[in-house]
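The values are calculated or read from the model by the stated rules, or taken from the named source; none is laboratory data. Worth saying up front: this structure is predicted, and the values here are computed from it rather than measured. Cβ coordinates were reconstructed from backbone atoms using ideal geometry, including for glycine residues, and neighbour counts include every protein chain displayed. Accessible surface areas use protein heavy atoms only, side chains included; no ligands, DNA or RNA. Shrake-Rupley method; radii C 1.70, N 1.55, O 1.52, S 1.80 Å.
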Amino acid sequence: MDNTKQTTSRVLEGSAVEILTAMTASFGLMAGYYGLRSAWRKATYKKPRARGIDPVGEAEVFLAYGRNRDAVRVLKDALRDEPDNLAAKVALLRAYSSSSDSKAYCSLARDVQHQVKDQPVWHTIQENGRRLAPQDPLFAAKA
């Protein structure tokens, strides 16, 4: 009986090792696939304007589907080409808010404050800012 237990134990240990080996190989393949996929997307990326698409509109679609990182990438690209594009900055604020990036949100909110201070969008920027960075005086409610 003792021999049977030892044999069963060895078989189970062997199975566990095989399972771990298979899982490790599978993880390696997945990591390789996603790494290559990411590199391919970066290498073949064309800016929205080069494809005849409004970058803010494309970013809004990305945001609607929860693809915040893609929205941020598109909007930052647009702002490199058009640094005064207020619509892109406001959309980028929305993307930062959706991804809870308080540092980037606060920095960009300070940048656009003078342009939108008297517009209804400033109220929304302040509300989101209070949620992300309640201690920041920029977002303090005015009585």
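Brief remarks on what is shown
- Candidate values (1) -0.37; (2) -0.52; (3) -0.59 were compared with log10 I(q)/I(0) by the Debye sum over Cα atoms at q = 0.10 Å⁻¹ computed on the shown model; the agreeing label is (2).
- With Cα atoms, 0 to 90° folded angle of helix 68-81 axis to the chain main axis: 40 degrees
- Largest mean-square fluctuation among ARG110, ARG37, ARG131, in a Gaussian network model of the chain whose springs join Cα atoms under 10 Å apart, belongs to ARG37.
- Residues of the range 25-124: accessible area per residue with a 1.4 Å probe, Å²: 64 Å²
- Between 0 and 90 degrees, the angle of helix 86-98 with respect to the longest Cα principal axis of the chain falls at about 40 degrees.
- SER38 accessible area, 1.4 Å probe, all protein chains in place, Å² to nearest 10: 50 Å²
- Of all accessible heavy-atom area on the chain, the percent that carbon and sulfur account for (1.4 Å): 58 percent
- The charge dipole of the chain, taken about its Cα centre with unit charges on the Cβ of Lys, Arg, Asp and Glu (plus for the first two, minus for the last two), comes to roughly 220 debye.
- Max mean-square fluctuation residue, GNM over the chain, Cα-Cα springs under 10 Å, options ALA16, ALA95, ALA59: ALA16
- Note on the chain: lysine pairs with Cα distance below 20 Å, sequence gap of 8 or more or different chains, count 10.
- Most mobile listed residue (VAL17, VAL90, VAL74) in the chain, GNM with C-alpha springs under 10 Å: VAL17
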